[in-house]
Amino acid sequence: MLEINLSTKKRLRLILFITFLIIVLLIVRLSYIQLIEGRKLANMAYEQQTLDRTINPKRGTIYDATGQVLAKSSTVETVSVNPGNIAKEDKEKVAKKLCEIFELDYEKVLKKVSKRSSIETIAKKVEKEKTDELRKWIEAENIMTGINIDEDTKRYYPNNNLASQIIGFCGSDNQGLDGIEAKYDSTLSGTKGAIKRHTDAKGGEIGVEGETYIAAKNGNDLILTIDMNIQSIVEKYLEEACIDNKCTDGGNIVVMNPQNGDILAMATYPDYNLNEPYAAYTDELKGIWDTTDQAEKTKSLQAVWRNRAITDTYEPGSTFKTITASAALEEGLVSDIDKEGEFCCTGSIEVAGVRIKCWRHYRPHGSESLRLGLMNSCNPVFIGLGQKIGVNKYYDYLKKFGLLQITGVDLPGEAGSIFLAENKAGPVELATISFGQRFEITPIQLVTAVSAIANGGHLIQPRVVKATIDSETGEKTDVETKIKSEVISKETSEKVLSMMESVVSEGTGKNAKVLGYRIGGKTGTSEDGVNTNKYVTSFLGVAPIENPQVVVLVTLYNPTGEGGHHVGASLWKY
């Protein structure tokens, strides 16, 4: 009997100890949950019990310099359902009606309506006439909960293809994906709003608080430097030039105001429809698009989306002789641009054992002044100037003209130049650089550098956006012109412009003359890569010479038409 009592007491002690231990562990766990994890769990509970529906803000409007609309957002609506708030007997009826109005697959919609989830999206960016039809049906069927119709926005581009590589486009979530839309996404996008509603785990409403509405803040507007009229003209003639000259790799044109850096027009051919950025953009592609591999589609689309004036580099050829001439004049290596016999072209020049020919080696230019050298686009003249300037000083001028770094233009994807490192540039490399070959720059870099010549010597950062407008206050904020540095003197600028005018009036660019206007220019032809048998034809123009307001660069990639790659045959018609 004593043994039994002892055994019972031991068991009771053990049970009490285990019970005590469990109570202690529970207290510790509860304390941890309450004190350590309390805030986190409370937030999780709130998130689980709160159903948020996003309200997209209206994206800011993009205007051209004259106030014409280039991109705008219109009000559309998004339809969603809360499956837990739709009665079981109504699910098939609701799914059927949603499919009928929005032309959707019945099985997929029914699956969404029947899900054990808080919210399911049925249709995005729907026109109001369709959602109004749904509203009437909801009222007629007395379905008070479970179907949501929320305001949304959709991006439209009234001019379709115009300035497509500049403006860019948006994704389905209204996020900018390219061009200005991407670069200024934070300015244009605004702040999202929300509709909050308390729900149970199945999505059913709890409590009597109803919905909480948080308004969206619309995005700010942008005013571009682009002039729609100039852009339209530029695109028209660029397309004609590319088609007539059979430019296999397209072309681009940049028009810039050298006085303030405003990009007045920037076109790349081919272009695409901003309202259908993922569609085939040429007749040839349209015929094979449905059978084209997705990887090839992506490659084609990325090629046409690219703004080649800022993302692609090329050899500028003889247009670059304007830079060499400017450096030589600024250094005092030539005092009189009209001095006869200052230079002599014998058809070629030997540099460090390498003989480099003039383009007209078969009939040498003979005795020349600097003006005649630029008019004739004579390679030996500029090779000689490069030798006198020297590698170190020449690279100093490349830096001054902004050619060793990006311009900082407010567009995404700008590429930098490709020059041989200064310490690796020998006599032959300096010679080829002096007349514009064996290095690569972007069209926007060349236009920016020549704008410094055109405006009296100041390097100005190019820009595409000139002002922003606050969506709430309407206040306009101008973007300041950014002058980076003084590159050359006004006297040097005037001499180079005078020579460029002679290029057009009497030299290789004489077919670019326009009656009643004083125009300067420089022609250029270069190889597109090494041993590719492809060429780049270009023309650089400045007008009017007495007070330049535009610098224009026209670039055609691999013209294979009857005129070949010679600039005179390819561009003068336009």
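The values are calculated or read from the model by the stated rules, or taken from the named source; none is laboratory data. Remember, it's a predicted structure, so these values are computed and weren't measured experimentally. Heads up, the Cβs are rebuilt from the backbone with ideal geometry, glycines too, and the neighbour counts pull from every protein chain shown. Keep in mind that these areas ignore ligands, DNA and RNA; they rest on the heavy atoms of the full protein, side chains included. Shrake-Rupley method; radii C 1.70, N 1.55, O 1.52, S 1.80 Å.
Quick notes on this one:
- Among residues of the range 393-436 being open to solvent by less than 40 Å² (accessible area, probe 1.4 Å) and polar (S, T, N, Q), the one that is nearest to Thr313 (Cα to Cα) is Ser417.
- Verdict on Glu205 being modelled with pLDDT under 85 and either open to solvent by 40 Å² or more (accessible area, probe 1.4 Å) or under 29 Å from Asn273 (Cα atoms) (or both): yes
- Taken over the range 215-265, the criterion of being in contact (Cβ under 8 Å) with a residue 40 or more places away in the chain, open to solvent by 50 Å² or more (accessible area, probe 1.4 Å) and not hydroxyl-bearing (Ser, Thr, Tyr) is satisfied by Ala215, Lys217, Asn218, Asn229, Glu240, Asp244, Lys246, Gln259.
- Evaluation of Ser74 against (1) in contact with a strand residue (DSSP E or B) (Cβ under 6 Å, 6 or more places away or on another chain); (2) buried (at least 17 other Cβ atoms within 10 Å of the Cβ) (one fails), failing number: (2)
- Residue check, Asp312 within 21 Å of His365 (Cα to Cα), of a type in the set (D, E, K, R) and either touching a helix residue (DSSP H, G or I) at 6+ places or on another chain (Cβ under 9 Å) or in contact (Cβ under 8 Å) with a residue 12 or more places away in the chain (or both): no
- Set Gly353, Gly386, Gly373, Gly390: member being surrounded by fewer than 15 Cβ atoms within 10 Å (Cβ to Cβ) and within 24 Å of Val496 (Cα to Cα): Gly390
- Pick from the range 540-565, criterion farther than 21 Å from Ile519 by Cα and surrounded by fewer than 21 Cβ atoms within 10 Å (Cβ to Cβ), ranking: modelled with the lowest pLDDT: Gly564
- Number of residues in the range 490-549 that are under 28 Å from the mean Cα position of the chain (by Cα) and of a type outside the set (Val, Ile, Thr) equals 14.
- Restricted to the range 447-526, the set of strands (runs of 3 or more DSSP E) holding at least 1 residues that are open to solvent by 40 Å² or more (accessible area, probe 1.4 Å) and farther than 30 Å from Pro57 by Cα comprises 458-460, 483-486.
- Of the residues making up the range 209-230, those that are of a type in the set (S, T, N, Q) and either in contact with a helix residue (DSSP H, G or I) (Cβ under 8 Å, 6 or more places away or on another chain) or farther than 26 Å from Ile180 by Cα (or both) are Thr212, Asn220.
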